[in-house]
Structures are given as C-alpha cells and as structure tokens.
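Accompanying notes for the structure given below.
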Amino acid sequence: QLVESGGGLVQPGESLRLSCVASGTKFSVNAMGWYRQAPGKERELVAMLTGVGHTNYADSVQGRFTISRDSRKKTAYLQMNSLTTEDTAVYYCYADLWWGKVGREFWGQGTQVTVSA
C-alpha cells in the first residue's frame with residue numbers, strides 16, 4: 001500500500017514536497033515515482049527513480065522537480081520548486097515492488113496540488 005501526503009494550495013513560484021510511504025515488509029523496490037493527472041487530460045509521468053538510482057523526468061518539470069528516496073523509511077519524495085499553474089493536478093505515487101521473484105505495481109490514492117494566484 002502507498003500513502004501519499006504533502007499536496008495543497010500554493011501560489012505560482014512557491015514550492016511543495018510530496019511524500020509517499022510504501023507499507024509492508026520484505027520487499028525490494030524496483031522503481032518509485034510520481035504521475036499526475038490534470039482535469040481533462042491523461043495521466044502523465046512526472047518523475048521516476050529506479051532501484052539503482054536512475055532518474056527520469058518529464059520535460060515540463062526538468063530542473064524544477066527532484067525525486068528522491070529514503071530506502072530505510074521506504075519513502076519517496078518529490079520536491080517541487082518554481083510551481084506554475086500548469087502543475088495543478090492530482091499527483092499519484094507509483095511503486096514497482098518485488099518479493100523475491102514476484103512483482104506488483106502499486107498506486108497511491110492521489111494528492112491534489114493546486115497552484116493559483
């Protein structure tokens with residue numbers, strides 16, 4: 001199970017940090033990341049961090065957003081700086097977790113990020 005937190009209402013230019021905790025035991029993380037879905041649009045990848053530390057960002061957030069993970073806390077973070085109104089969306093945490101040779105994908109419940117003056 002994934003539990004997200006950190007969304008909210010901010011003004012353009014401000015920052016937010018999202019957190020996503022993966023509950024459970026004895027799993028390894030193949031990848032954790034964030035997607036978002038704005039009203040009337042399809043869900044899109046925002047940032048992804050693989051288990052070996054590779055990152056991938058959407059062009060629209062490159063240089064403004066940073067994804068990181070605390071493996072001990074089983075938590076992924078998305079630091080969002082210089083937010084714009086275009087970043088307004090529901091943000092979903094994603095995780096690809098493995099128990100030995102068995103893997104499963106998980107999604108968080110979503111957290112609303114609203115950027116408005």
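Things to note:
- Loop-resident trypsin sites (Lys or Arg not before Pro) (DSSP state other than H, G, I, E or B) in region 22-90 with no more than 13 further Cβ atoms inside 10 Å of their Cβ: Lys26, Lys41, Arg72, Lys73.
- Extension gain, Ser15 to Asn30: 0.36 nm times the residue separation minus the Cα-Cα distance gives 2.6 nm.
- Using distinct alpha-carbon pairs, which all enter the 1/r mean, Kirkwood radius of region 13-72 in Å: 13.1 Å
- Cβ charges +1 (Lys, Arg) and -1 (Asp, Glu), total dipole of region 1-67, debye: 120 debye
- Amide H contacts of Gly51 (H built 1.01 Å from N, in plane; Pro and chain starts excluded): Ala31 sit under 5 Å, all sequence-distant by 5 or more or on other chains.
No lab work stands behind these numbers, since they all come straight from the coordinates. These numbers come from a predicted model, not from an experiment. Note that we place each Cβ from the backbone using ideal geometry, even for glycine, and neighbour counts take in every protein chain shown.
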